[in-house]
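K.L.:
I have a structure I would like to understand better, so I am pasting it below and will then ask my questions one at a time.
The values are calculated or read from the model by the stated rules, or taken from the named source; none is laboratory data. Small disclaimer: the values here were computed from a predicted structure and weren't measured. Here the Cβ is made from the backbone with ideal geometry for all residues, glycine too, and neighbour counts use every protein chain on show.
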Amino acid sequence: MPATVIMPALELAQETGKILKWLKHPGDSVSKGEPIVEIETDKVTVEIEAPASGVLREVSAQPGDVVPVGKTIALIFAAGEVGAAATESAVEAVRRTGAAATPSVPPAVKASPLARKLAEQHGVDLAQVKSAGGRIEKADVIAHVEGRTGTAGNGAPAPARIAAASPKARRLAAERGVDLRVVRGSGPGGAVLAADVAAVPSAAAAPGVSSVWRIMAERMTASWTTAPHFYLVREVNVSRLVTWRERASNRTGARITYTDLLVRLVAAALSQHRRVNVAWKDGAIVQNADINIGLAVAIDDGLVVPVLHRADTLGLAEIAARREDLVSRAQSGKLRPADIQGGTFTISNLGMYGVDAFDAIVNPPQAAILAVGRIADRVVAVQGQPAVQPTMVLTLSCDHRALDGARGAQFLGALADLIEEPLALLA
């Protein structure tokens, strides 16, 4: 049996994914674990890996298609299965029709796999389909069917649709935010050409907002309007943390950042206060077994939160290496599905931007997020006397449905103690 490539579910609220680019094409040999397609999920662009080795076939979704989670988008046949599958298909056709199966699509016609499949379903001869581009696309077949029948395939009037358009016109329309349904095409059969899109006044183009940014806005709006937030603030002396960062960097040879130290210390505090490492799901508090720390990372298209899994089991050098790898791949759009799954607590550090303190929005279904401000010299009391010391402001945002003030305060107090006396963990 061939292995199926499906649109994965990477987040709890995800219902669809968008195909951005196939890294392999039908007929290409692929190896298990090799990236074969790039998709855009609710929050990030990721590469999907081949579930098995073999030959990629039956690609049913093209770049730009939005596909429901769980739907098969391609098959991977073992070397011996490809020919067998074709023979079996022909035999089945003979059994159904009582005659030798003949190809429904002339091999000389250039058409996408999805267009071929749609043509076969509707009994369309692709040789009769007009296309403004060099290859027949799904929209060309739809335009042919609707032009022939005037119905939506079920006897009902055809709904408003996006006009047939050349691939270049579609790319330009996507870049400019132009709705192709309002563009009058000048190509064959009324197809929209790139020149038609370019002629649309700029006022008709919607402001460019990526789907990552749009869905981030939707999720944060949902969190802000449904989760009752409360905030706990603590200023901590980080003089020892500064010293231990320097020592840890020298000892390990790794580029240890304050974020790395905070991941280690937050994980330790969560292991002491497991009641903070919870989620609010379906009206109930769910205890998370592992401590998986998410790091809020700003990218051009919005905000993503790659995850350091089982952070409480990692040493500083390993945390630094994983953090650097995750941030690098997040910024280049190369995160894998596992990189953004399973987070149980999030750290958002804006100290590098000179921010003293801020309130972060909880990342659902997590119960809390830690907002970290910059390290700055401030006047504080040391043994009853004023002294200038490096300090940092921490703000813990909590979902009151999953946490109360006392538990949040106990966790923040434990974290502050570890930051001010990190010797036991960072030695």
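K.L.:
Taking the criterion of being of a type in the set (A, V, I, L, M, F, W, C), crowded, with 17+ Cβ neighbours inside 10 Å, modelled with pLDDT under 95 and outside the structural domain of E38 (by TED's automatic domain parsing), would at least one residue in segment 353-365 satisfy it?
P.N.:
no
K.L.:
Same structure again: Are any of the residues in segment 292-311 basic (K, R), assigned by TED's automatic domain parsing to the domain that holds R255 and surrounded by 20 or more Cβ atoms within 10 Å (Cβ to Cβ)?
P.N.:
Taking every residue of segment 292-311 in turn, none turns out to be basic (K, R), assigned by TED's automatic domain parsing to the domain that holds R255 and surrounded by 20 or more Cβ atoms within 10 Å (Cβ to Cβ).
K.L.:
Something else about it: Restricting to segment 1-24, count the residues that are modelled with pLDDT under 90 and in a loop (DSSP other than H, G, I, E, B).
P.N.:
Final tally of qualifying residues: 11.
K.L.:
Checking S239 against (1) of a type in the set (G, A, S); (2) at negative phi; (3) under 33 Å from the mean Cα position of the chain (by Cα): exactly one of these is not met. Which one?
P.N.:
(3)
K.L.:
Within segment 102-115, take every residue that is touching a strand residue (DSSP E or B) at 6+ places or on another chain (Cβ under 8 Å) and surrounded by 14 or more Cβ atoms within 10 Å (Cβ to Cβ) and give me the one that is modelled with the lowest pLDDT.
P.N.:
Ranking the candidates gives V105 first.
K.L.:
Quick check on my filter: what residues within segment 280-291 are over 17 Å from A406 (Cα atoms), of a type outside the set (D, E) and surrounded by fewer than 20 Cβ atoms within 10 Å (Cβ to Cβ)?
P.N.:
K281, G283, A284, V286, Q287, N288, A289
K.L.:
A follow-up question, please. Hey, Q287 hits all of (1) polar (S, T, N, Q); (2) touching a residue at least 24 places away in the same chain (Cβ under 8 Å); (3) touching a Lys or Arg at 6+ places or on another chain (Cβ under 8 Å) but one; which does it fall short on?
P.N.:
(2)
K.L.:
If you don't mind, there's one more thing I want to ask. Cβ contacts < 6 Å: first residue assigned by TED's automatic domain parsing to the domain that holds G351, restricted to segment 386-399; second residue β-branched (V, I, T) and in a strand (DSSP E or B), any location; separation 6+ or different chain. Result?
P.N.:
Sorted first by the residue in segment 386-399, then by its partner, the pairs are P386/V379; V388/V379; Q389/V380; M392/V236; T395/V233; S397/I369.
K.L.:
Being loosely packed, with under 14 Cβ neighbours inside 10 Å and under 22 Å from Q287 (Cβ atoms) is true for just one of A414, A406, A381. Which residue is that?
P.N.:
Exactly one residue qualifies, and that residue is A406.
K.L.:
Return yes when D359 is among the acidic types (D, E) and in contact with a Phe, Trp or Tyr (Cβ under 8 Å, 6 or more places away or on another chain) and no when it is not.
P.N.:
Yes.
K.L.:
Do you know which of the residues in segment 41-52 that are modelled with pLDDT of 80 or more and closer than 21 Å to Q331 by Cα is nearest to the chain's Cα centre (by Cα)?
P.N.:
Among those that are modelled with pLDDT of 80 or more and closer than 21 Å to Q331 by Cα, it is E47.
K.L.:
Looking only at residues in segment 309-342 that are at pLDDT 95 or above and touching a strand residue (DSSP E or B) at 6+ places or on another chain (Cβ under 6 Å), which one is farthest from I39 (Cα to Cα)?
P.N.:
So the residue we want is A311.
K.L.:
Do we find that N277 is surrounded by fewer than 20 Cβ atoms within 10 Å (Cβ to Cβ), assigned by TED's automatic domain parsing to the domain that holds E421 and either free of Cβ contacts under 8 Å to residues at least 24 places away in the same chain or of a type outside the set (V, I, T) (or both) in this structure?
P.N.:
So N277 does not fit the description; no.
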